[in-house]
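Here's the structure we're looking at; comments come further down.
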Amino acid sequence: RGLFGGGGESVQPQTLQDVAENIRERRCKRVVVMAGAGISTPSGIPDFRTCRSPGSGLYDNLQQYDLPYAEAIFEIGFFHRNPNPFFALAKELYPGNYQPNLTHYFVRLLHQKGQLLRMYTQNIDGLERHQVAGVPPEMLVEAHGTFATATCTSCLRKYDGEELRPEVMSGAVPRCPTCKGVVKPDIVFFGEELPLSFFKYLTDFPLADLLIVMGTSLEVEPFASLAGAVRSSVPRLLINRDLVGPFAWGRRPHDVTQLGDVVTGVKELVDALGWTQELDALMAAGSQEV
Ligand code: CNA
């Protein structure tokens, strides 16, 4: 048996091409993907950390709301005092405004090939979802929650995200018809519990035979630490603008990094896999559905 749990000659990856060979030859069949805001910047959704220059970035655009500091938008105490900035963000990110890009479809293709164990995303834009890029719900862990469902902050009544759409889109703060409490989309705020599905990592990561990390600064815990939860012999591939997390300070022998634009990096991987035509077809069909 090869290093990667499959049959055949294993290649200890040094380059993107080596990683591709291990996937193509099906030596890697339990791939875990970790992703963050960087995979959605090519779809036009700014990330939070890299767009600090005035006039760009979601936080900057929210300055009109007098946030004491950018991250306050995701703090539950601040939300209870002033939910307006969060709902301005919600209006922007509500499902339907943005389209997935090649990186999202790549994950779907990996699933269709039977080689995706799970995708863990920090994104709250829902672009990976079944109805959007086509990653089935059981394959996706939305670690920081979703706009697809919501909960009344007062009586805890559950809502479907679509029920809130008219109010969110009109710029209003949605209220519970029963108790008049503010209805909050099920996005995980700082200090809140992560969804139970997050804990699938306890069984997924020890089983993984390849970890692909893309478009994340790996700065938000506990998500960031998952990068260290695969076995030490398991190759990890980072596709990102910059070196982050353990790829910067705790390099393992089988870590591979593809620095630069995430779409370019994933495209290169897909080319090396020989999956380009299939991915193009998936994307064309996807955009027609949209
Ligand atoms: P982050 O901290 O903003 O980091 C993004 C990373 O992606 C950085 O390392 C960037 O250099 C990199 N990056 C950005 N664009 C590209 C690109 N085109 N090519 C290559 N690399 C790129 O984002 P994280 O996800 O790590 O931070 C966690 C927060 C941000 C989560 O809680 C998210 O919910 C939150 N967030 C989500 C969205 C979204 O859902 N799309 C948008 C903004 C923020």
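The values are calculated or read from the model by the stated rules, or taken from the named source; none is laboratory data. From a predicted model like this one, the values you see are computed outputs, not experimental measurements. Ideal geometry is used to build each Cβ from the backbone, glycine not excepted, and the neighbour counts take in all protein chains shown. Remember, those area values only see protein heavy atoms, side chains included, never the ligands or the DNA or RNA. Shrake-Rupley method; radii C 1.70, N 1.55, O 1.52, S 1.80 Å.
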- Message: If GLY260 meets every condition in (1) out of contact with any helix residue (DSSP H, G or I) (no Cβ under 7 Å at 6 or more places or on another chain); (2) free of Cβ contacts under 8 Å to residues at least 24 places away in the same chain; (3) at negative phi apart from one, which number is that one?
- Response: (3)
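Taking the condition open to solvent by 30 Å² or more (accessible area, probe 1.4 Å) and either in contact (Cβ under 8 Å) with a residue 24 or more places away in the chain or within 11 Å of the ligand (Cβ to nearest atom) (or both), does ALA248 pass?
yes
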- Within the range 103-128, which residues are open to solvent by 10 Å² or more (accessible area, probe 1.4 Å) and more than 25 Å from PRO46 (Cα to Cα)? HIS111, GLN112, LYS113, GLY114, LEU116, LEU117
- Determine the pairs where a residue that is under 18 Å from GLN258 (Cα atoms) and free of Cβ contacts under 8 Å to residues at least 60 places away in the same chain, located within the range 26-50, has a partner that is outside any loop (DSSP other than H, G, I, E, B) and open to solvent by 20 Å² or more (accessible area, probe 1.4 Å) with Cβ atoms under 8 Å apart, the partner being 6 or more residues away or on another chain. none
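Residues of the range 148-160 being open to solvent by less than 50 Å² (accessible area, probe 1.4 Å) and at pLDDT 95 or above, which ones? Step through it out loud before you land on a result.
First, the residues of the range 148-160 that are open to solvent by less than 50 Å² (accessible area, probe 1.4 Å): 148, 150-152, 159.
Hits for the range 148-160 are ALA150, THR151, CYS152, TYR159.
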- Name every residue in the range 180-204 that is in contact with a Gly (Cβ under 9 Å, 6 or more places away or on another chain) and either away from the ligand (no atom under 13 Å from the Cβ) or assigned to a loop (DSSP other than H, G, I, E, B) (or both), in order of residue number. VAL188, PHE189, GLY191, GLU192, LEU194, PRO195
- Task: Report yes if GLU9 is more than 18 Å from the chain's Cα centre (by Cα) and modelled with pLDDT of 85 or more, otherwise no.
- Result: no
- Task: Identify, from the list LEU238, LEU259, LEU243, the residue that is within 11 Å of the ligand (Cβ to nearest atom), within 17 Å of PHE205 (Cα to Cα) and modelled with pLDDT of 95 or more.
- Result: LEU238
- Query: When the range 218-265 is examined, which residues are found to be β-branched (Val, Ile, Thr) and under 15 Å from the mean Cα position of the chain (by Cα)?
  - Reply: VAL220, ILE239, VAL262, VAL263
- Kindly establish whether GLN131 is over 12 Å from the mean Cα position of the chain (by Cα) and open to solvent by less than 20 Å² (accessible area, probe 1.4 Å). no
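Each row is one residue, and each column tells you yes or no for (1) modelled with pLDDT under 90; (2) in a helix (DSSP H, G or I); (3) small (Gly, Ala, Ser).
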residue: PRO42; (1), (2), (3): no, yes, no
residue: ALA72; (1), (2), (3): yes, yes, yes
residue: PHE78; (1), (2), (3): no, yes, no
residue: LEU117; (1), (2), (3): no, no, no
residue: HIS130; (1), (2), (3): no, no, no
- Query: Across the range 170-202, what is the total count of residues that are surrounded by 13 or more Cβ atoms within 10 Å (Cβ to Cβ) and within 14 Å of ALA150 (Cα to Cα)?
  - Reply: 14
- Query: Restricting the search to the range 111-166, which residues are closer than 17 Å to ALA90 by Cα, among the hydroxyl-bearing types (Ser, Thr, Tyr) and touching a residue at least 40 places away in the same chain (Cβ under 8 Å)?
  - Reply: THR146, THR153
- Message: Can you find a residue that is away from the ligand (no atom under 16 Å from the Cβ), crowded, with 16+ Cβ neighbours inside 10 Å and among the β-branched types (Val, Ile, Thr) anywhere in the range 263-284?
- Response: no
- Item | Failed item, numbered, when GLU167 is tested on (1) of a type in the set (Asp, Glu); (2) over 30 Å from GLY114 (Cα atoms); (3) within 15 Å of the ligand (Cβ to nearest atom) | (3)
- Task: Tell me, yes or no, whether the range 145-154 has at least one residue that is closer than 18 Å to PHE199 by Cβ, outside any loop (DSSP other than H, G, I, E, B) and within 16 Å of the ligand (Cβ to nearest atom).
- Result: yes
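Would you confirm, using the coordinates I've provided, whether PHE223 is within 15 Å of the ligand (Cβ to nearest atom) and touching a His at 6+ places or on another chain (Cβ under 8 Å)?
It is true that PHE223 is within 15 Å of the ligand (Cβ to nearest atom) and touching a His at 6+ places or on another chain (Cβ under 8 Å).
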